[in-house]
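Trainee: Take a look at the following structure, please.
The values are calculated or read from the model by the stated rules, or taken from the named source; none is laboratory data. Just so you know, these numbers come straight off a predicted model, no measurement behind them. Here the Cβ positions follow ideal geometry from the backbone for every residue, glycine too, while neighbour counts run over all protein chains shown. Side chains are part of the model used for accessible areas, which takes the heavy atoms of the whole protein and leaves out ligands, DNA and RNA. Shrake-Rupley method; radii C 1.70, N 1.55, O 1.52, S 1.80 Å.
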Amino acid sequence: MFRLLRTLFLVIFAFIAGMLFERGGSRDVCENGGGLWIEDICVGPEFTND
């Protein structure tokens, strides 16, 4: 029973770590493309007031 719980915990941890890693990558792509990152949403350069 302990192995099952440990495996479940590790899968959940890996999923959360992957989501956080991907969110950081999305932010970098947005900023490198000229977008503006506002509250977890990428606003394209055509909508910014620069």
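Trainee: Below 14 angstrom from the Cβ of ARG23, what's the summed charge of the other residues (Lys, Arg +1; Asp, Glu -1)?
Mentor: Numbers: positive: ARG27; negative: GLU22, ASP28, GLU31, GLU39, ASP40.
Counting the neighbours of ARG23, the net charge comes to -4.
Trainee: About the Cα centre of the chain, how large is the charge dipole given +1 on each Lys and Arg Cβ and -1 on each Asp and Glu Cβ? Please answer in debye to the nearest 20.
Mentor: 620
Trainee: Can you give me the % of accessible surface on the chain that is carbon or sulfur? Probe 1.4 Å, all protein chains present, nothing else counted.
Mentor: 66
Trainee: Subtract the Cα-Cα distance of VAL11 and VAL43 from 0.36 nm times their separation in residues, and report this length gain in nm to one decimal.
Mentor: Result for the pair: 8.3 nm of gain on full extension.
Trainee: Taking the Cα centre of the chain as the origin and placing charges on Cβ (Lys, Arg +1; Asp, Glu -1), which of LEU4, GLY44, SER26 is farthest toward the positive end of the dipole?
Mentor: Of the candidates, LEU4 comes out farthest on the positive side.
Trainee: Could you do me a favour and compute the accessible area per residue for the chain, 1.4 Å probe, result in Å²?
Mentor: On a per-residue basis, the chain sits at 94 Å².
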